[in-house]
Each structure stands twice: as C-alpha cells, then as structure tokens.
Amino acid sequence: MFEFASTADVRTAINKHDDPDHEDAYTVDEVQATLAEINADIIDNLDLYEDAMDEGAHDVVYEDDDVLVLADNTGQFWNEQLDVMDIEDEHGIIDTLVSSLHHTMAREHCGHSWSTVDPVVIHKPDEFSGGEAHLLREIARRTDEYGSVARAVDTLATETHGWGKSNWASLTGRNPSTVTRTTDN
C-alpha cells in the first residue's frame, strides 16, 4: 500500500491523539487506509474541489508532480469530508489524526504558515502527470501555431473544451470582450 504519511508520522500522531494502549485505538494500517480512501474520494470528485478553488474556499499553496497542497479557507473541510464519506468517528479521533497528518505532510512540502488555515494534501495519481504533460504540450503547440499564449489557452478552453467565452473570462478574471478578441483573431 502506498503510504500517504510515513509510518513514523502516523505512529507519532496515534501516540499524541489516541490511546495506543486501548483495544479500540486506531492502527497505522487503519489510518493509512483512511488517508487513501479520503484521497481517492477527493480525486474522484476533483471537479467539486476545483469549483471551491475558483470560489476562494481553497487556495493552491503548493504543487509539484506528486502533490497538490490546498489551504482550506472555510475551516470546515475535514468535518465535511468525513461526513460526506460517512466515516464514523464518534470521539473525533480519526478527524484529529487525519488533520494532524495533513499538517505534517504539508510542512514537508512547503513553508506555508498553517496557523490560521488547515492544509489539504492531495496525492496525485500517476495518470495526472500524463494529463498535465498533454495539456502543457497542447498549449505549446497552439502557442507556436497562434503566436500567443493567451490565444492558445483561450482557444483551448473555449473551442476545444467547450467553456463559454463569458464563463472563461469570468474564471480568468478578464472582460469577455478580451477573450472574444483573442479567440476571433
């Protein structure tokens, strides 16, 4: 099983936030499985999280080939995520463990201050890198063809992927006439 957090970090979190001597205490494998289940749910519903990013509920703080680290500006992400997934946690321990481990993982990836917001660390599946590489290559091909990065991206979004010009303009913080100008040239 892929480890979302190191075994040592999970043990440390269990020792700090659970009673490891109790027969019902979470095991490292259970916590790792919960982290994997949550990550899979986020990936499966990524369009919803993208919408939340567009609306300012989550900010992208860090991204590389392997992870996407978000800052949860709502303060409700973990409660809502566990509720949506029907993860039972009558004592709030798994919620605390997951949140704590995401803080640890986020600190490993970036120097952002997490004192006022909670991090959400999304581990990208291998398929992401292929999609990201394809998108970047398509932007490069279109830039070469059209002579402009703006036109390349605008036509890719509106003509190839079906975004309405006014919706795309709104998403990118521009006037719709600007998008129309770049795509109609």
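The values are calculated or read from the model by the stated rules, or taken from the named source; none is laboratory data. Being a predicted model, the structure only gives us computed values, none of them experimental. Don't worry about glycine lacking a Cβ; one is built from the backbone with ideal geometry, like all the others, and counts go over all protein chains shown. Surface areas here come from the heavy atoms of the whole protein model, side chains and all, with no ligands, DNA or RNA. Shrake-Rupley method; radii C 1.70, N 1.55, O 1.52, S 1.80 Å.
Scanning region 7-27 for residues that are under 12 Å from Leu101 (Cα atoms) and surrounded by 13 or more Cβ atoms within 10 Å (Cβ to Cβ) gives Asp9, Val10, Arg11, Thr12, Ala13, Ile14, His17.
Given the structure, is Thr116 at pLDDT 90 or above and in contact with a helix residue (DSSP H, G or I) (Cβ under 6 Å, 6 or more places away or on another chain)? Spelling it out, it is not the case that Thr116 is at pLDDT 90 or above and in contact with a helix residue (DSSP H, G or I) (Cβ under 6 Å, 6 or more places away or on another chain). The residues on offer are Leu35, Leu70, Leu48, and the sole one that is hydrophobic (A, V, I, L, M, F, W, C), open to solvent by less than 60 Å² (accessible area, probe 1.4 Å) and under 24 Å from Asn167 (Cα atoms) is Leu70. Considering only residues in region 83-101 that are touching a residue at least 24 places away in the same chain (Cβ under 8 Å) and open to solvent by 10 Å² or more (accessible area, probe 1.4 Å), the one that is farthest from Gln32 (Cα to Cα) turns out to be Val84. So the check is Cβ under 6 Å with 6+ separation or different chains; which pairs have a first residue in region 1-22 that's of a type in the set (Gly, Ala, Ser) and a second one that's open to solvent by less than 60 Å² (accessible area, probe 1.4 Å) and not in a loop (DSSP other than H, G, I, E, B)? As it stands, the answer is Ala5/Leu101; Ala5/Met105; Ala13/Leu97; Ala13/Ser100; Ala13/Leu101, since those pairs meet every condition given. Being within 27 Å of Asp18 (Cβ to Cβ) and surrounded by 14 or more Cβ atoms within 10 Å (Cβ to Cβ): is that true of Val179 here? In short, no. For region 161-182, the candidate set comprises residues that are within 18 Å of Asp54 (Cβ to Cβ), among the hydroxyl-bearing types (Ser, Thr, Tyr) and assigned to a helix (DSSP H, G or I); within that set, the residue that is nearest to the chain's Cα centre (by Cα) is Ser170.
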